[in-house]
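Undergrad: Shown below is the structure under consideration.
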């Protein structure tokens, strides 16, 4: 290799400081129970994203579906963070069949001054929260729905809405069935409880903080047909919510044409795109994942709804009753804990 070629290659080499700044955005990705099942590795050839199997949920995620969805969200935010730093990258998904935990490789292809759109998207990623509170009862208009639908951005995964009274009833039944089955499983409840975090007891770097969990008194249940995951397991949530709100969120479903690990990564990318677009529109969002946690649940949901594609994730979308910024910021592990640097 000539000195000139080496100099050109050096200009396209990601440095530790740039990557660390980009990963401050990437770690804000949504993950099941805020488990953050990801790690990155920086080498001279580029940046890679790997699954952290030590953070895979043994009970709620035996096949790694939620892990891949979570890492797909982190994959997309890695690209967002790098673009906000001015880098263009080529991303390869699951590039090595012999190494299934190597989920993606980001190879730098060029650099230019970051665009305003790239910076705004990174800002939205840093602001975003999962909002488990009731949303305003008003329905989102058709133009907003179409804007959100388009957020998936490519044909690998798509977003649609279960419209019509019959589909809404079938969806409510499917989610309620899954929610009840999980809540009757002592091992599931113990695992979920393990990931609840009280700042008076736990170091706040992962898990679901009790300050972000709505408190729902027994005498004032939420008025919603499609139940949220109830994190009040042996501990009361500390997020006080409006009572007697007739909740009618828009339910968005992320579909893929197949149902393998790559499809789950693509679904996570689409989910994160949707959540960022919602944030930019001033909307609140939150995953509604009970009915897709297990392969059997996903199959039941697909069959009961008569869907052709594979449902990978459901999300609640709507207008918040109070600013999302009022919510506590869910903790994340520091970048230094999830980035391995192996460069010269």
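Undergrad: Any chance you could count how many residues in the stretch 106-134 are free of Cβ contacts under 8 Å to residues at least 60 places away in the same chain and either in contact with a strand residue (DSSP E or B) (Cβ under 8 Å, 6 or more places away or on another chain) or part of a helix (DSSP H, G or I) (or both)?
TA: Residues meeting the conditions: 6.
Undergrad: Assuming residue 58 fulfils every condition listed in (1) modelled with pLDDT of 95 or more; (2) in a helix (DSSP H, G or I) apart from one, which condition is it?
TA: (2)
Undergrad: For the condition in the same structural domain as residue 205 (by TED's automatic domain parsing) and touching a helix residue (DSSP H, G or I) at 6+ places or on another chain (Cβ under 6 Å), what is the one hit in 289, 304, 322?
TA: Result: 304 is the single residue among 289, 304, 322 that is in the same structural domain as residue 205 (by TED's automatic domain parsing) and touching a helix residue (DSSP H, G or I) at 6+ places or on another chain (Cβ under 6 Å).
Undergrad: To continue, here is another question. Which residues, taken from the stretch 199-235, are farther than 23 Å from residue 135 by Cβ and modelled with pLDDT under 90?
TA: Residues satisfying the conditions are 199, 200, 201, 202, 203, 204, 233, 234, 235.
Undergrad: All but one of (1) touching a strand residue (DSSP E or B) at 6+ places or on another chain (Cβ under 8 Å); (2) closer than 16 Å to residue 319 by Cβ; (3) part of a helix (DSSP H, G or I) hold for residue 140; state the number of the condition that does not hold.
TA: Single failed check for residue 140: (3).
Undergrad: Oh, and also: So which residues in the stretch 1-21 are modelled with pLDDT of 90 or more and out of contact with any strand residue (DSSP E or B) (no Cβ under 8 Å at 6 or more places or on another chain), if there are any at all?
TA: 15, 17, 21
Undergrad: Any idea how many residues of the stretch 151-167 are assigned to a helix (DSSP H, G or I) and in contact (Cβ under 8 Å) with a residue 60 or more places away in the chain?
TA: Residues that pass the stated criteria total 3.
Undergrad: Can you tell me which condition residue 280 does not meet? The list is (1) surrounded by fewer than 23 Cβ atoms within 10 Å (Cβ to Cβ); (2) in contact with a strand residue (DSSP E or B) (Cβ under 9 Å, 6 or more places away or on another chain); (3) closer than 25 Å to residue 154 by Cβ, and all the others hold.
TA: Going through (1) surrounded by fewer than 23 Cβ atoms within 10 Å (Cβ to Cβ); (2) in contact with a strand residue (DSSP E or B) (Cβ under 9 Å, 6 or more places away or on another chain); (3) closer than 25 Å to residue 154 by Cβ one by one, residue 280 breaks only (2).
Undergrad: Consider residue 146 against the criteria (1) at pLDDT below 90; (2) part of a helix (DSSP H, G or I): it satisfies all of them except one. Which criterion is unmet?
TA: Every condition holds for residue 146 apart from (1).
Undergrad: Also, I was wondering about something else. Quick test for you: out of 23, 42, 14, 47, pick the one residue that is part of a helix (DSSP H, G or I) and not assigned by TED's automatic domain parsing to the domain that holds residue 195.
TA: 23
Undergrad: Further question: Name the residues in the stretch 226-246 that are part of a strand (DSSP E or B) and closer than 27 Å to residue 170 by Cα, would you?
TA: Within the stretch 226-246, 246 is the sole residue that qualifies.
Undergrad: Okay, next question. Does residue 96 satisfy the condition of being without any contact (Cβ under 8 Å) to a residue 40 or more places away in the chain, in the same structural domain as residue 17 (by TED's automatic domain parsing), in a loop (DSSP other than H, G, I, E, B) and surrounded by fewer than 23 Cβ atoms within 10 Å (Cβ to Cβ)?
TA: Spelling it out, residue 96 is indeed without any contact (Cβ under 8 Å) to a residue 40 or more places away in the chain, in the same structural domain as residue 17 (by TED's automatic domain parsing), in a loop (DSSP other than H, G, I, E, B) and surrounded by fewer than 23 Cβ atoms within 10 Å (Cβ to Cβ).
Undergrad: Would the stretch 247-260 turn up any residue that is surrounded by fewer than 16 Cβ atoms within 10 Å (Cβ to Cβ) and either in contact (Cβ under 8 Å) with a residue 12 or more places away in the chain or not in a loop (DSSP other than H, G, I, E, B) (or both)?
TA: Within the stretch 247-260, one or more residues are surrounded by fewer than 16 Cβ atoms within 10 Å (Cβ to Cβ) and either in contact (Cβ under 8 Å) with a residue 12 or more places away in the chain or not in a loop (DSSP other than H, G, I, E, B) (or both).
Undergrad: Within the stretch 70-89, which residues are touching a helix residue (DSSP H, G or I) at 6+ places or on another chain (Cβ under 7 Å), over 10 Å from residue 29 (Cβ atoms) and in a helix (DSSP H, G or I)?
TA: Selection gives 81, 82, 83, 84.
The values are calculated or read from the model by the stated rules, or taken from the named source; none is laboratory data. Remember, it's a predicted structure, so these values are computed and weren't measured experimentally. Note: ideal-geometry Cβ built from the backbone for every residue, glycine included; neighbour counts use all protein chains shown.
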